[in-house]
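FYI, it's all coordinate maths here, none of it is from the lab. Computed from a predicted structure; not experimentally measured. Methodologically, a virtual Cβ is constructed for each residue, glycine included, from the backbone with ideal geometry; neighbour enumeration extends over all protein chains shown.
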Amino acid sequence: MKRWWKTASSLTQLCRSATVTGLLLLGGLSTGCTSLTQPITGIPVRRLPPQFLAQTKNNLVPLDPSRLTQEPPRQYLLDAGDILGVYIEGILPYSSADKPPEPPPVNLPTEQSTLDPSIGFPIVVQENGTISLPSIEPIKVKGMTIEQVTNLVKKAYLDAKIVQDNARLQPSVTLMQERTYNVVVVRQDIAVQNPFFQANNQMGGRGNYVRGSDQSSSGKMIKLPAYQNDVLHALMSSGGLPGINAKNEVKILKASRVRQQERDQFVQQFYQTYYSNPNPCGCPPPLPDDPNVIKIPMRLPPGVIPSFRPEDILLEEGDVVHIESREAEVFYTGGMLAGGEWLIPRDYDLDVLGAMAMAGTGIGQRGQQQGGGFGVNSIGGVPPGILYILRKTPCNGQITIEVDLAKAAVDPRERPLVMPGDTLILRYKPCEEVLNFSIGTFFTFGLQAILQGVNR
């Protein structure tokens, strides 16, 4: 009789705990279960239109660096800015017949130069491609070799009958200094990080990438010798090829093509045309590329030939080479994932499972932030099973992509690639929320009631 009474008492306590559990469950469903009170609906990955999917980057091939440099001619061809060493006995420098001729000066090149020592007096090739020598008309030397200029100088003095003896006239022409081009290189991939940002990294913080933390541009003026005035030499002189912090392209602003006022007028007219006939259901069209800017991709799909021309990689006086940071190529996490801003890899694909692992929560693990009515669903141990991707669309729109993690674990087609600007929200399914809450409530209150009844 006594044993029966204890059993009945235990059952009574269990029923009471079940009643309490039910009441708590109803309270949790009405106040704390976000999957039920704040539902999110999305498009399953299989039904998503192709234009909203990210393009793969795993198959991109680095651009051959030889396409960024020019092939120099076999012989140096003169142009404006070159400095020649010229010596003509009795003429340059002038000496009278009763005095012995002066020996030519010897000029040693600088340490950075690859030229041989030269002799003679400096003569600059003018902007019009000519040189001026005593007693004769200017000689056009643009595009000629040193040997051709030597023969041309000799012929000019013989034709002018300044020197009658062909054997006595032996002019010496050497290259004293090659022409150079002043080019500006602006790089955002070589930067100094903010000390606060470095401290967070050392402490092992999650999601501590902050846009703008690596935006310190390094710029310098570079003098490029003739036949080295190309993109490759400019990059190698300023720190090497673009790193992983840079966008997958190099921009060249051609100084000779800059027409800033014309560009401003074009932009103004472009948008005035749209706003004069606005479309309430549309948005402003994207602005066409600036024709003054040449874009050179650094990675291309297999078999794709770059569209830029060989002359596009040549740099002239005042050109600007710009390497932009890819600081905007980030995604965000929330919900059951640790909130943060994460940088997307530049050269390989990142799918949703990799993004979750980057945020510190792999598939099948409980989230970093535990949701639910009274915070007891973590005892249930059922991991969140659905991931939502909030993806931006043109004209400030948005679509929501629904990823079932159970399917994504076994089917790569259920794992879409992450795009810049995406927001990933990890949540429980409604059934998972209820199951976690029920199990947690049972272990918190039900077992306690049973043990109390048995002890009685």
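For the range 92-170, a Kirkwood hydrodynamic radius built from all Cα pairs, placed in the Stokes-Einstein relation at 10 °C and 1.306 mPa s, yields a translational diffusion coefficient of 109 µm²/s. The residues neighbouring Asn58, those whose beta-carbon lies less than 10 Å from its own, together hold a net charge of -1 under the Lys/Arg +1, Asp/Glu -1 convention.
With the highest mean first, a sort of the peptides 121-130, 417-426 on other beta-carbon atoms found within 10 angstrom per residue produces 417-426, 121-130. Quick check on the range 218-363: take the gyration tensor over C-alpha atoms, sort the square-rooted eigenvalues as a ≥ b ≥ c, and tell me if it's rounded (a/c under 1.5), prolate or oblate. Oblate is the answer for the range 218-363, as a/c is 1.5 or above yet b/c matches or exceeds a/b.
Taking label points 7 Å from Cα along the Cα-to-Cβ direction, Thr110 and Gln38 give a separation of 6.4 nm.
Separation of the range 43-69 from the range 99-177 is 57 Å, based on Cα centroids. Of the cross-linked pairs Lys140/Lys161; Lys140/Lys295; Lys142/Lys247; Lys247/Lys429; Lys220/Lys295, those separated by over 31 Å at the C-alpha level are Lys140/Lys295; Lys142/Lys247; Lys247/Lys429.
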